[in-house]
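The values are calculated or read from the model by the stated rules, or taken from the named source; none is laboratory data. Computed from a prediction, not measured in an experiment: that's the story for all the values here. Quick reminder, even Gly has a Cβ in these numbers, built from the backbone with ideal geometry, and neighbours come from all protein chains shown.
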């Protein structure tokens with residue numbers, strides 16, 4: 001696959017709520033009141049329970065993993081969690097190529113919710129699969 | 001409400017094997033995490049952390065089985081019945097129940113579950129019965145689930161009772 | 001002028017903790033993948049032994065984001081000396097934990113996380129995470145002279161190969 005600056009990675013989308021969060025809590029042992037209990041989320045200033053930043057991190061990886069192919073590698077990622085993922089939001093992981101050096105590709109990555117508001121922006125580098 | 005639930009379809013279904021479900025091999029991590037969850041917030045006994053064997057209540061089918069087969073010719077097996085049986089495929093009439101209750105379960109344990117075990121669950125229709133209640137005629141269903149390990153040893157035999165009226 | 005003292009500079013590289021995982025099982029990999037791809041099916045690479053065997057990895061590898069320390073670690077050692085002296089939300093906690101004076105700055109914020117990946121985690125791997133004190137740096141910004149400190153955690157497998165290097169950044173001003 002030839003990759004060029006500006007290429008857009010096929011997105012990864014999930015409608016989020018307790019059904020996703022509880023599953024992630026179960027595998028990651030992440031049973032934190034702000035993610036399980038609306039009252040605790042509200043007290044933390046988020047209007048209710050909200051999803052784990054780690055799950056958005058996972059969604060960004062899912063998007064890249066499927067794009068680079070089985071022989072590709074995710075080399076690095078950094079993101080900032082800017083805005084909480086609250087119940088009922090449809091979260092989409094995005095990526096756009098910002099640099100290409102041989103088979104190593106740098107991307108701007110982010111998750112956003114259905115209104116286009118970015119929740120977790122960051123960058124990633126990958127090595128494309130053969 | 002019918003005069004009786006013991007119609008020919010129900011009587012014919014009693015004793016029929018409905019599904020066979022096979023687990024993935026049990027791992028040490030499965031045993032450890034299950035124990036951590038059910039003992040939380042206290043620490044489980046060290047033997048479960050060391051995964052010597054699983055707690056009796058451990059469910060090797062959690063998160064999905066390795067294989068699921070329907071044993072009813074009337075059912076193509078495309079829907080996994082994890083807890084119940086496919087009553088439609090057995091031709092059980094759809095009664096208009098107002099209440100469906102989990103009446104309880106009765107388990108008899110055999111050999112323990114260990115790391116590497118592959119558990120097979122065969123579900124069948126147990127004895128069904130009816131009795132009059134203050135809200136009308138109640139149907140008591142009993143589903144039987146028998147777990148065996150890869151050596152054919154019985155791990156657990158469960159009778160789940162449902163009460164509907 | 002600088003908020004980075006000699007003692008802080010000397011502390012860079014100090015190992016603050018070491019945690020070792022239980023061996024990663026195919027069940028850990030399968031369930032992690034089921035959770036993060038839910039409600040769709042995860043790639044068969046993470047669930048089907050035959051597919052994993054035929055892949056370039058020749059067996060199960062974990063999703064990069066899998067946490068092998070979830071639920072319980074096989075062992076954990078902390079080398080922090082002054083855990084009892086830490087106070088919630090004290091910006092100097094990182095230095096207090098090392099037994100050295102902190103810079104005494106009033107405000108702090110999370111500067112984010114960056115991760116580099118090395119070799120993949122595989123079924124059977126035992127992962128060790130070693131935490132250490134990372135570099136300090138400073139920059140003039142709109143909030144004045146900002147101090148950047150890093151906490152590093154490096155994951156290695158049982159063969160000593162690097163799996164993941166995470167740098168957490170704390171900004172103080």
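Screening the range C:123-133 for residues that are assigned to a strand (DSSP E or B) and surrounded by 18 or more Cβ atoms within 10 Å (Cβ to Cβ) and picking the one that is nearest to the other protein chains (Cβ to nearest Cβ) gives C:129. In the set B:31, B:14, only one residue is surrounded by 14 or more Cβ atoms within 10 Å (Cβ to Cβ), in contact (Cβ under 8 Å) with a residue 60 or more places away in the chain and more than 18 Å from residue B:118 (Cα to Cα); that residue is B:14. In summary, residue A:57 fulfils each of the numbered conditions (1) surrounded by 15 or more Cβ atoms within 10 Å (Cβ to Cβ); (2) assigned to a helix (DSSP H, G or I); (3) free of Cβ contacts under 8 Å to residues at least 60 places away in the same chain with the single exception of condition (3). Quick check: is even one residue across the range A:76-84 part of a helix (DSSP H, G or I) and touching a helix residue (DSSP H, G or I) at 6+ places or on another chain (Cβ under 9 Å)? No: zero hits.
The residue list C:136, C:117 contains one member that is surrounded by 18 or more Cβ atoms within 10 Å (Cβ to Cβ), more than 28 Å from residue A:60 (Cβ to Cβ) and at pLDDT 95 or above, which is C:136. Looking only at the range A:6-31, residues that are surrounded by 12 or more Cβ atoms within 10 Å (Cβ to Cβ) and assigned to a loop (DSSP other than H, G, I, E, B) come to 8 in all. For the range C:156-173, filtering for residues that are more than 21 Å from residue A:123 (Cα to Cα) and either at pLDDT below 95 or surrounded by 17 or more Cβ atoms within 10 Å (Cβ to Cβ) (or both) leaves 4. Suppose we keep only residues that are in contact with a helix residue (DSSP H, G or I) (Cβ under 6 Å, 6 or more places away or on another chain) and within 23 Å of residue C:49 (Cα to Cα) within the range B:49-71. Which one would you say is farthest from the other protein chains (Cβ to nearest Cβ)? Residue satisfying both the conditions and the ranking: B:51. Just one of the listed residues (C:33, C:50, C:94) is at pLDDT below 95, more than 8 Å from every other protein chain (Cβ to nearest Cβ) and either assigned to a helix (DSSP H, G or I) or at positive phi (or both), namely C:94. Residue C:84 - would you say it is assigned by TED's automatic domain parsing to the domain that holds residue C:130, without any contact (Cβ under 8 Å) to a residue 24 or more places away in the chain, over 17 Å from residue C:163 (Cβ atoms) and part of a helix (DSSP H, G or I)? Considered against the rule, which asks whether it is assigned by TED's automatic domain parsing to the domain that holds residue C:130, without any contact (Cβ under 8 Å) to a residue 24 or more places away in the chain, over 17 Å from residue C:163 (Cβ atoms) and part of a helix (DSSP H, G or I), residue C:84 comes out as yes. When we screen B:95, B:147 for residues that are assigned to a strand (DSSP E or B) and touching a residue at least 24 places away in the same chain (Cβ under 8 Å), the only hit is B:147. Residues in the range A:35-52 that are in a helix (DSSP H, G or I) and surrounded by fewer than 20 Cβ atoms within 10 Å (Cβ to Cβ): A:36, A:38, A:39, A:40, A:42, A:43. Considering the range C:100-122, and only residues there that are within 23 Å of residue C:6 (Cα to Cα) and in a loop (DSSP other than H, G, I, E, B), the residue that is farthest from the other protein chains (Cβ to nearest Cβ) turns out to be C:101.
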